[in-house]
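These notes are about the structure you will find just below.
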Amino acid sequence: GAVVSQHPSRVICKSGTSVKIECRSLDFQATTMFWYRQFPKQSLMLMATSNEGSKATYEQGVEKDKFLINHASLTLSTLTVTSAHPEDSSFYICSAKRPHREGADTQYFGPGTRLTVL
Amino acid sequence: KQEVTQIPAALSVPEGENLVLNCSFTDSAIYNLQWFRQDPGKGLTSLLLIQSSQREQTSGRLNASLDKSSGRSTLYIAASQPGDSATYLCAATGNQFYFGTGTSLTVIP
């Protein structure tokens, strides 16, 4: 199956710093990637849709100036958490959409990044 | 907006039991219904994907069914094993994925 990687897998940072998380589709080109956030014992919540070559589309309630998304190539999307605070501590998961000629497109999920803000 | 609910939220069973996890969704206009497994602190592992035109999919001890008209899907796990312990998430897919709240499964040896 298709592979999506995330880097780093785990990051600890001080409050006020910025953290960049990378999401890569390793064996296919993804014009669309998605960023999710998961709090402990809760389900995944879509934060934003990342479109290659254009601005990301953010879900209601997600601050676009705080969570910067860049999708500069067909295999890489980055999420930058700016001026991170302890409440930003969470598990961040990306997915990449792989188009299919027949049937619906499929998403492949990355392994996630655990962010802890001290 | 699509809402996906999973029942029960947690389940504990002895090894060897057959079990059913439930997933319900409010909008029947979906492309697919997908079941995932998530181990603690890990990402998602896709288990089964049922296309909207299909009624069920099987993989090993797992069987997933889909009834679009009633907005329900079930995941059946046969002869449960301790290694099945994890959180199981269903997702109804349209233009985006709508995830359920998850069922935390513990299989007791």
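Brief remarks follow.
- Check on B:Ile50, surrounded by 12 or more Cβ atoms within 10 Å (Cβ to Cβ), within 13 Å of chain A (Cβ to nearest Cβ), outside any strand (DSSP E or B) and not polar (S, T, N, Q): no
- All of B:Ala92, B:Ala79 fail the test of being assigned to a loop (DSSP other than H, G, I, E, B) and not polar (S, T, N, Q), apart from B:Ala79.
- Test: residue in segment B:3-22 that is surrounded by 13 or more Cβ atoms within 10 Å (Cβ to Cβ) and within 9 Å of chain A (Cβ to nearest Cβ): yes
- Matching residues in segment A:17-48 - criterion: being small (Gly, Ala, Ser) and free of Cβ contacts under 8 Å to residues at least 60 places away in the same chain: A:Ser43, A:Ala48
- Any hit, segment B:90-101, residues being at pLDDT 95 or above and away from chain A (no Cβ under 14 Å): no
- Conditions (1) surrounded by fewer than 16 Cβ atoms within 10 Å (Cβ to Cβ); (2) among the hydroxyl-bearing types (Ser, Thr, Tyr); (3) assigned to a loop (DSSP other than H, G, I, E, B); number of the one not met by B:Thr58: (3)
- Whichever residue in segment B:4-62 is touching a residue at least 24 places away in the same chain (Cβ under 8 Å) and of a type in the set (Ser, Thr, Tyr) and, among such residues, is nearest to A:Gln42 (Cα to Cα): B:Thr5
- Matching residues, segment A:23-36, being small (Gly, Ala, Ser) and in a strand (DSSP E or B): A:Ser25
The values are calculated or read from the model by the stated rules, or taken from the named source; none is laboratory data. Note that the structure is a prediction, hence the values are computed from the model and not measured. Neighbour counts are summed over all protein chains in view; Cβ atoms, including those assigned to glycine, are modelled from backbone coordinates with ideal geometry.
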